[in-house]
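This report refers to the structure that appears directly beneath it.
The values are calculated or read from the model by the stated rules, or taken from the named source; none is laboratory data. Worth saying up front: this structure is predicted, and the values here are computed from it rather than measured. Cβ: placed from backbone, ideal geometry, glycine included. Neighbour counts: every protein chain shown. With ligands, DNA and RNA removed, areas are computed over all heavy atoms of the protein, side chains included. Shrake-Rupley method; radii C 1.70, N 1.55, O 1.52, S 1.80 Å.
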Amino acid sequence: MSHLDDDVLAMLALGDPVASHEREHAATCDECARQVAEISRTRAGLESLAQTGGLLAPPPAVWEAISSQVRRGDGADELAARRERTRRSTSPWMVGVAAAAGLVIGGVGVATLVNGAEAAREQVAVAPLTNLETEQDAGVARVELRADGSQVLVLETEYEPIDGAALEVWLIDENVEGMISLGFLTSGSETFVIPAGFDVTAYPIVDVSVEPFDGDPTHSGQSVTRGVLDA
Amino acid sequence: MGTRRDVGSTDLARLDAARLGREFAAGSEGSLEAIYKDVAGLVYTLAARALGDEHEAEDVTQQTFVSAWKARATFDPARGELRGWVVGIARKRIADALDKRRREVRNVDAVSALSGPEATVDAELENVLLAYELEQLGPPRNTIMAMAFLDGHTHDHIADQLDMPLGTVKSHIRRSLIALRDRMEVSDVAS
Ligand SMILES: [Zn+2]
């Protein structure tokens, strides 16, 4: 005869009464006996749930923490990965060209560093900053519109000088494809002029990176502080 | 009584899982939340059982999903289900947390007598997986099975409470038992 169907196998595993010919089959057929043993094992597992209990649900704060960490820190790895790709694929000649271009951008950033005491300003956008290592609050970045129509990025953040390296301030686009250096951070409170015509909304990531004095003007991939401007 | 298999919902669930896996690998918006809704309970319960501390379990749950998202490009939908991949990351995180704790314990002799962290996690895994699959059965079977096995109610009592014929309750239990056996068998989560 054919093998027992699932329903009968389950009845045997549960110790429910079955027809005598079905019981006999299960006793003599290896395949059906194996199935009953398997289902019995599942049954025993279910019975052990009575002691351990069912699934627990994590508190809602866990998802909130994940989604904010992902929104905030997602670019970090991408930036490091991009740097790796760039390193591998860039010829020395290209590095030279990039270095020349970078020096100009860096020069603009430093040259346009302005004094904190300015006339009336209007806040355009703000970015809470996070220390990427400790994931703690690391101050704030604000884009402000000055009376003369120019825009500045004001950083109020933690500052610690590093031997052999500088802290560079960047605005980066959401795809981490384009970025501009605004200059170097030399104190915990600093104001950088945003070049006229530069669309800040297209580069909402405020990033502070450790840049070794290695002559490489591109982003090191070692970001220490980051925030996203929320207009 | 025929041998009709309950294929419909299972096949749909597999299709859904495959689609979610592809979306996740591609970094689609919402896919992280979808997989979180699916397996956060499994990950959290596994961590809470293995670590015996709910705050640590919350941290591990958070780390698991953040790591999974960061590593999403390395998930290959052709090689298995996303939920199994995420649970694999959780196992690693829990084992790391146990390992760290063992290193912090001063009494080395007492610690070395314990089984390794991986063994501790895996001892809990099958039980937690079964609790997860039980919930996946959906109504009314998840309710019936929870009443029968978690709460230890008699089939008569369940039939009474749910206003269902006794034969229907028994039939649901048998089918659920088979479905769970099948799920535990194919589950690549535990491997
Ligand atoms: Zn047989």
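Summary table below
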read-out	value
Mean separation of Cα contacts under 8 Å (6+ apart) over length of the stretch A:121-228, as relative contact order %	28
Cα-based reach from B:K37 at 28 Å (exclusive), listing lysines while leaving out same-chain residues under 8 positions away	B:K70, B:K92
Where the Cα pairs of the stretch A:6-52 fall when distances are cut into 10 Å bins, in %	28, 50, 17, 4
Convex hull (Cα only) mean projected area of the stretch B:10-98, reported in nm² to one decimal	5.6
Those residues of the stretch B:29-63 for which accessible area with every protein chain present is at least 20 Å² below the isolated value (1.4 Å probe)	B:L32, B:E33, B:Y36, B:G41, B:Y44, B:T45, B:R49, B:E58, B:Q62
Protein-protein interface of the stretch A:17-43, residues with accessible area decrease of at least 40 Å², isolated chain reference, 1.4 Å probe	A:E38, A:I39, A:T42
Charged-residue dipole, Cβ positions (Lys, Arg, Asp, Glu), the stretch A:121-228 about Cα centre, Debye nearest 20	380
Dipole magnitude of the stretch B:115-190 about its Cα centre (Cβ charges: Lys, Arg +1; Asp, Glu -1), debye to nearest 20	400
Peptide A:5-14, shielding by other chains (average Cβ, 10 Å cutoff)	5
Protein accessible surface hidden between A and B, which excludes ligands and nucleic acids, total in Å², probe 1.4 Å	3600
Cα centroid separation, the stretch A:1-66 to the stretch B:50-99 (Å)	28
